[in-house]
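The values are calculated or read from the model by the stated rules, or taken from the named source; none is laboratory data. Bear in mind the structure is a predicted one, so any value in this text is a computation, not a measurement. In this analysis, Cβ positions are derived from the backbone assuming ideal geometry, glycine residues included, and neighbour counts consider all displayed protein chains. Ligands, DNA and RNA are stripped out before the accessible areas are found, and what is left, the full protein with its side chains, is counted by its heavy atoms. Shrake-Rupley method; radii C 1.70, N 1.55, O 1.52, S 1.80 Å.
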Amino acid sequence: MTKSYRVLIFCSSILALLFSLPFPSPANSQDRFLENGEPSLGAPGGSFYPSSPTRYKIDLSGEWSYSTDGAKWHPVKVPSAYDFTETVMFMRSFEVAPEMIDKWAFHLVAYGINYECQVFINGMFVGRHIGGYTSFSFQIPENALQVGTNNVLKIVVSNRLNAKSTLPLRQQVGGWRNYGGILRDLYILCTPRVWIDDLEVRSSLSPEFRTAKISVVSSIDNVLAEKEQRDTAGVAFFLASRFRFWVGLYDRNTALPVGKSAVQEFSVAKRKVVRLESELNVTNPKLWKPESPELYELRAYLLMDGTSLDEMDFNVGIREITIKGSDLFLNGNKLFLQGILWKEDHPSYGSALTYKKFEEDFISIKNLGANLVRIADHPPHPYILSLCDRYGLLVMEEIPAIGVPASILGKDYFQEMAKSYAKEMVLRDRNHASVLAWGLGDNFDSSEEEAREYIQEVRTAIETLDARPVYYATSMINNDIASSEVDIAAINILTQDVKQFKFKLEDWIQRHPNQPTILAKFGKAVEPGNYHGYSDPMSLEAQARYLIQHFTVAKELRIAGAVIASFADWRGDRPIMTVDLNDRFLSTMGLLSYSREKRPAYEKVRGLYHNEKIAALTMGTYSENAPITFVLVGFILLLGFAYLLKSHRRFRENVLRSFLRAYNFFADIRDQRILSYFQTTLLAVTVAITLGLVISSIFYYARGSENVDYVLTHFLPSDSIKEFFSLLIWHPFKAIVYFSAMMMAALVLLTSLVKVFSFFVPAKVFFYHAYSIAIWSCLPVILLIPVGMVMYRVMQTEPYTVPLLVLSLIILLWVVARLLKSVSIVYDIPAFRVYTGGIVVFLVFIGIVLAYYNYTQSTLAYYRYFLNYVQGTS
């Protein structure tokens with residue numbers, strides 16, 4: 001066996017040894033379903049096709065079958081959320097009785113299927129929907145159904161997102177978990193063949209709130225054309241009939257009528273929608289407000305020839321929201337919003353929560369003293385709006401345009417998707433008294449002109465449907481140019497320092513003197529179970545203290561409101577680096593844990609929201625010390641290298657000649673002068689560990705940086721690698737071991753590249769040459785040993801951070817220059833050709849990598865967004 005192969009085997013053994021060292025494996029989610037499966041009929045699902053005495057619902061919850069390949073089918077309960085990324089086929093059968101075919105019109109109603117779905121009934125394509133958290137319905141063609149129990153419903157669901165053409169986009173750090181599946185209620189709604197399809201309810205109050213006018217715009221639809229071939233007589237009967245329509249308002253406590261519209265008569269035409277406008281007046285109305293959420297029951301009646309044909313009932317609240325300058329008013333009273341951010345996620349159900357769990361969460365939010373819930377990221381389950389109506393919680397509801405670069409915001413296709421999403425959100429929820437404002441997104445790039453165009457387009461689409469205020473939330477305080485296009489200036493500030501927080505908030509208020517300012521998100525992540533006192537920045541006490549201090553500042557500055565992030569922990573879709581957790585997908589900003597266990601911050605916030613005296617928090621005795629690992633490893637490296645210099649004369653001479661007479665040294669390598677493989681390999685190991693030490697120090701210093709987290713999420717090849725990396729950097733010794741192994745692999749790769757390129761030159765280059773020049777070119781790296789020992793501690797003093805990084809970069813550039821020079825000597829070609837070739841190869845490589853990332857992840861757009869974001873938040 002040659003020396004070359006012995007060296008390769010030795011290097012491989014080192015790599016195998018390093019990678020075999022124990023390290024906690026990443027908590028990768030397995031292919032699993034989080035099942036709800038509970039029947040939902042009878043539960044108040046809001047104004048989206050509420051239950052009615054004239055209608056019938058075929059419940060589709062319960063047992064289904066699913067398949068990912070179309071061959072093997074497995075049982076699953078619906079609603080449910082699957083916790084993996086895949087296209088999944090769902091199938092079940094349902095019954096249609098003989099008398100139903102001629103009596104009803106059929107509609108498939110889905111409250112939420114994520115992200116994209118296609119629906120088939122008995123093999124017939126019924127419809128396609130994009131958008132996982134808006135509700136929708138499809139008219140079921142009558143020829144798609146058959147009498148009996150053999151009707152087969154098939155729904156093909158995909159939850160795949162990408163970085164440029166889905167809403168939401170794939171790139172998210174700290175976002176929500178992209179669960180797939182039939183997440184919410186699903187049923188077949190059976191209505192009369194002529195039915196009330198939609199009601200739009202608006203209320204207006206007299207100046208002194210003594211009277212209220214309720215305006216109702218109704219849509220009456222029919223399926224008469226579909227039945228013409230089978231039931232001509234029946235169709236003729238409907239077409240010849242006279243229909244009457246009226247609306248009544250009833251006191252929910254006494255069931256007594258408080259207002260009634262005039263009765264309108266009309267006739268219908270085949271498949272033509274009839275739109276009717278009704279009005280009714282209420283004297284001394286009970287106004288809806290968080291302190292007393294008074295609701296009325298609105299009933300719309302459709303009669304045919306004096307016989308009740310269809311009825312639609314739901315709750316409405318009478319209230320008036322106005323904006324005057326920088327203040328919000330509800331029913332003429334100035335409003336201060338005490339808010340909480342809520343995510344639709346639960347450890348047992350994912351985003352397919354049961355009605356019971358929904359109610360438990362919102363009872364806790366009400367008991368907290370909050371009067372506002374920001375439903376982050378996407379429209380919620382319709383039941384949430386019903387709960388907020390009943391409990392007196394205002395709602396900020398938004399579409400999932402999150403972290404979108406300006407160049408994507410400006411695309412026509414993206415704006416069309418956003419408008420469609422916003423319209424579905426508004427049409428479903430506009431009759432709820434609890435909805436305060438419509439959100440256009442969160443932390444998209446609002447620093448460029450494309451943001452204005454996006455906002456104008458989506459806002460116009462919303463304003464055609466509803467008159468409530470419009471907002472978007474941003475962190476770009478310094479360079480936002482678009483907030484003047486909306487009604488509410490909403491700002492996210494996650495700065496930990498109170499003085500800096502106050503400065504940023506004051507700056508934002510000064511920029512928007514004629515708009516209400518809402519602090520749309522502020523909060524602090526913690527280490528669960530850390531009760532070390534607030535001197536420990538990751539403790540539960542530190543979270544409580546942070547919220548007390550920052551909420552107090554917000555209230556003192558008399559802004560319109562503040563929203564704490566968040567009610568409970570949630571799982572995201574991308575691994576998080578900034579907190580030391582075994583589950584890297586868990587965002588731990590909640591007043592409650594993921595399993596809904598209350599933290600100290602919950603009681604402190606409850607005291608704040610109820611204006612109670614806040615008990616003192618434990619300070620603790622925390623003090624951060626630099627890990628001794630960096631110093632110990634560096635010290636051992638220095639001792640080892642010093643020993644090699646002292647005990648091996650030839651090694652010492654080679655080191656000196658390599659530094660002082662590099663040309664002669666590499667010329668000797670070219671001429672095959674004896675150079676010990678063993679000493680070269682020892683140098684390789686020393687260089688690899690030194691680089692591992694420096695890299696580990698840098699990332700340990702940057703482990704809490706959200707900006708570094710964002711960049712790594714974008715550029716690391718996969719979430720599993722990012723997850724492993726995020727676990728690794730919090731453990732210095734293991735990080736040094738693994739980064740050293742990576743550097744050793746890089747040196748082996750470098751050797752291989754030098755050997756491969758040698759085939760294109762006349763000189764005969766052996767593995768000996770390639771290995772020697774690759775390793776000895778890296779000799780200056782040993783100068784970084786003392787730097788790596790103290791780097792973490794020194795970088796904590798801000799003025800020294802950049803100089804240390806520049807010094808490290810200079811040494812690496814020195815190594816590159818030495819490598820190119822040694823290659824020119826060994827290849828026996830002019831140096832300028834090697835330098836030129838090296839630069840070309842480097843640029844081509846970088847170009848290929850960037851082209852790949854830009855094609856798959858829109859890297860250039862996200863890079864520009866990142867720069868704008870950093871500038872806007874610094």
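Taking a straight Cα-Cα cut-off under 14 Å and skipping sequence neighbours fewer than 8 places away in the same chain, the aspartates and glutamates within cross-link reach of Lys502 are Glu556.
Past 26 Å, Cα to Cα, is the threshold; run Lys213/Lys356; Lys289/Lys356; Lys77/Lys357; Lys598/Lys734 against it and keep the listed order. Let's see the in-between values first.
Details: Lys213/Lys356 35 Å; Lys289/Lys356 24 Å; Lys77/Lys357 17 Å; Lys598/Lys734 34 Å.
The answer is Lys213/Lys356; Lys598/Lys734.
Using a 1.4 Å probe on the protein chains only, how many percent of the accessible area of region 43-172 belongs to carbon and sulfur? The partial results should precede the final answer.
Working: 2410 of 4820 Å².
Looking at region 43-172 in its full context, I get 50 percent from C and S.
Charging the Cβ of each Asp and Glu at -1 and of each Lys and Arg at +1, and nothing else, the dipole of the chain about its Cα centre rounds to 3100 debye. For region 516-608, the set of trypsin sites (Lys or Arg not before Pro) satisfying both a DSSP loop assignment and a count of at most 13 other C-beta atoms within 10 Å is given as Arg558. Here's the picture: a label point sits 7 Å out from the Cα of Met100 along the beta-carbon direction, and within region 77-94 the residues with their amide nitrogen under 13 Å of it are 93-94. Its DSSP H runs of at least 4 residues, each contributing -39,500 (n - 2.57), put the calculated 222 nm mean residue ellipticity of the chain at -12500 deg cm²/dmol, to the nearest 500. For region 90-227, the relative contact order works out to 28 percent when only alpha carbon pairs closer than 8 Å and six or more residues apart are counted. Seen against the Cα atoms of the chain and their longest principal axis, helix 628-647 is set at about 20 degrees. Compute the Cα gyration tensor for region 261-357, then decide on rounded, prolate or oblate, letting a ≥ b ≥ c be the square roots of its eigenvalues: rounded whenever a/c is under 1.5, prolate when a/b is larger than b/c in the other cases, and oblate in all that remain. Oblate is the answer for region 261-357, as a/c is 1.5 or above yet b/c matches or exceeds a/b. Solvent-accessible area assigned to carbon and sulfur over region 448-530 amounts to 46 percent, based on a 1.4 Å probe. Specify the angular offset, from 0 to 90 degrees and rounded to the nearest 10, of the alpha carbon long axis of helix 831-857 from the longest principal axis of the alpha carbons in the chain. With rounding to tens, the tilt is 20 degrees. Note: relative contact order over region 303-423, using C-alpha pairs below 8 Å and six or more positions apart, is 17 percent. Accessible area per residue for the chain is 42 Å², calculated with a 1.4 Å probe on protein heavy atoms, without ligands, DNA or RNA. Against the chain, whose longest principal axis is taken from its Cα atoms, helix 649-660 shows a tilt of about 70°. Computed FRET efficiency, Cβ-Cβ of Arg242 and Asp69, R0 51 Å: what is it to the nearest 0.05? Efficiency for this residue pair is about 0.35.
Using a 1.4 Å probe over the heavy atoms of the protein chains, calculate the carbon and sulfur portion of the accessible area of region 642-795 as a whole percent.
Details: 4500 of 6480 Å².
Roughly 69 percent, rounded to a whole number.
A DSSP coil position with no more than 13 other Cβ atoms inside 10 Å describes the following GluC sites (Glu not before Pro) in region 258-341: Glu291.
Mind pulling up the Rg/Rh value for region 395-541? Radius of gyration and Kirkwood radius, both on Cα.
On the way: Rg = 17.1 Å, Rh = 16.5 Å.
Dividing the radius of gyration by the Kirkwood radius yields 1.04.
Would you work out if region 782-861 is rounded, prolate or oblate? Take a ≥ b ≥ c from the square roots of the eigenvalues of the alpha-carbon gyration tensor; rounded if a/c is under 1.5, else prolate when a/b is larger than b/c, oblate otherwise. Let's see the in-between values first.
Details: a/c = 3.49, a/b = 1.20, b/c = 2.90.
The shape class here is oblate.
Given a Förster radius of 25 Å and the C-beta distance between Leu656 and Phe678 as r, what FRET efficiency does 1/(1 + (r/R0)^6) yield to the nearest 0.05? Kindly include the intermediate steps, with their values, before the conclusion.
Details: r = 19 Å, r/R0 = 0.75.
Once the sixth-power term is evaluated, E becomes 0.85.
The length gained on full extension between Tyr663 and Ser595, counted as 0.36 nm times the residue separation minus their Cα-Cα distance, comes to 17.9 nm.
One equal scatterer on each Cα of region 702-793, no solvent, Debye formula: the resulting log10 I(q)/I(0) at q = 0.11, 0.20, 0.22 Å⁻¹ is -0.50, -1.05, -1.12.
Extension gain for Asn625-Asp313 works out to 105.9 nm (0.36 nm per residue, less the C-alpha to C-alpha distance). Thinking of region 46-146 as a set of Cα atoms, what percent of all their pairs are more than 21 Å apart? Counting pairs separated by more than 21 Å, the tail of P(r) holds 40 percent. Loop-located trypsin sites (Lys or Arg not before Pro) in region 722-764 (DSSP state other than H, G, I, E, B) with a sparse environment of at most 14 neighbouring Cβ atoms within 10 Å: Lys764. Please enumerate, by chain and number, the lysines with C-alpha under 26 Å from the C-alpha of Lys821, excluding those fewer than 8 residues away in the same chain. Once the sequence-local lysines are set aside, what remains near Lys821 is Lys3, Lys755, Lys764.
Length, then width, then depth: along the principal axes, the Cα atoms of the chain run 111, 65, 44 Å.
Taking R0 as 25 Å, what's the FRET efficiency between Leu632 and Leu753 from their Cβ-Cβ distance, rounded to 0.05? Walk me through the numbers before you get to the answer.
On the way: r = 34 Å, r/R0 = 1.34.
Efficiency for this residue pair is about 0.15.
Per residue, the average separation of C-alpha pairs within less than 8 Å and at least 6 apart gives the chain a relative contact order of 11 percent.
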